[in-house]
Every structure is written in C-alpha cells, then in structure tokens.
1. Set the Förster distance to 22 Å, then compute FRET efficiency between V73 and F53 from the Cβ-Cβ distance, nearest 0.05.
2. Where the accessible area of the chain is counted over protein heavy atoms with a 1.4 Å probe, how much of it, in %, is carbon and sulfur?
3. Given q = 0.18, 0.33 Å⁻¹, what are the Debye log10 I(q)/I(0) values for the range 1-41, with equal point scatterers placed on the Cα positions and solvent ignored?
4. Please give the charge dipole size of the chain, origin at the Cα centre, charges +1 on K and R Cβ atoms and -1 on D and E Cβ atoms. Round to the nearest 20 debye.
5. Net charge near I18: determine it from the other residues with C-beta under 15 Å of the C-beta of I18, scoring Lys and Arg +1 and Asp and Glu -1.
6. For q values of 0.18, 0.23 Å⁻¹, compute log₁₀ I(q)/I(0) with the Debye formula on a Cα-only model of the chain, without solvent.
7. For the chain, modelled as a Gaussian network with Cα springs under 10 Å, which listed residue fluctuates most, N25, N70, N46?
8. Could you do me a favour and compute the accessible area per residue for the chain, 1.4 Å probe, result in Å²?
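The values are calculated or read from the model by the stated rules, or taken from the named source; none is laboratory data. What you are looking at is a predicted structure, and each value in this text was computed from that prediction instead of being measured. Ideal geometry is used to build each Cβ from the backbone, glycine not excepted, and the neighbour counts take in all protein chains shown. The area values use the complete protein model at the heavy-atom level, side chains included, leaving out ligands, DNA and RNA. Shrake-Rupley method; radii C 1.70, N 1.55, O 1.52, S 1.80 Å.
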Amino acid sequence: MLDKTGKVIAKLGDFDGIGEKGLVNGLLFPASLAFGLDGETLYVSNLTLFLPFAGAQAAVDSPWTLEVKNYTVAKLRAVIPPLGDDGH
C-alpha cells in the first residue's frame, strides 16, 4: 500500500523460502493480482523471473528464482494492516 506521495506504508505477504518440491512459500517476485469474488481474498501470482534472463540487473531475490520448479499463486486475506499512531 502506498500513500499519496508513493511511500510504502503497508504490505501484505512475505517470502518464506522454497519448498522441497521447488514451490515458492509466500511471495517471490509477485506479479499479477486479482480479488476473489468474496472481496476478502487476494490472489497473487509469483512470476519468479530471473531478471538477467530478461536483460536486467539481478535483484536481491534473483538467486532464489533459479530454485523454483513451478509457478504458484499465493492466496492472501485482502485486509489492509492498521496504520500506527503516527499514520505510518
């Protein structure tokens, strides 16, 4: 979540490593997202793109992308975390 200046003030989901079968646990290079029909579920695809293959510089998580064997979609609760007392 961004504020009106573009500063990140909240996020949903974390990266929790790669499982034994090469599947992402959590989010790694999150890409497309879609809200479920219930309005309370958010689906996010894990692109897991190794940026140098696309001609770009490697990102901090690029080495993890080479361990991925299949693409995944993460399912998250679509709830914005509360802001702190100072609005951040």
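1. Values: r = 21 Å, r/R0 = 0.97.
E(calc), rounded to 0.05, equals 0.55.
2. On the way: 3770 of 6490 Å².
Answer for the chain: carbon and sulfur cover 58 percent of the accessible area.
3. Relative scattering, expressed as log10 I(q)/I(0), comes to -0.75, -1.05.
4. Details: 7 positive and 10 negative charges, 52 e Å.
Taking the Cα centre of the chain as origin, the dipole is about 240 debye.
5. Working: positive: K21, K69; negative: D14, D16, E20, D61, E67.
Combined, the nearby Lys, Arg, Asp and Glu give -3.
6. Listed by q, the Debye log ratios stand at -0.90, -1.14.
7. Checking each option, the largest mean-square fluctuation is seen for N70.
8. On the way: 6490 Å² over 88 residues.
The answer is 74 Å² per residue.
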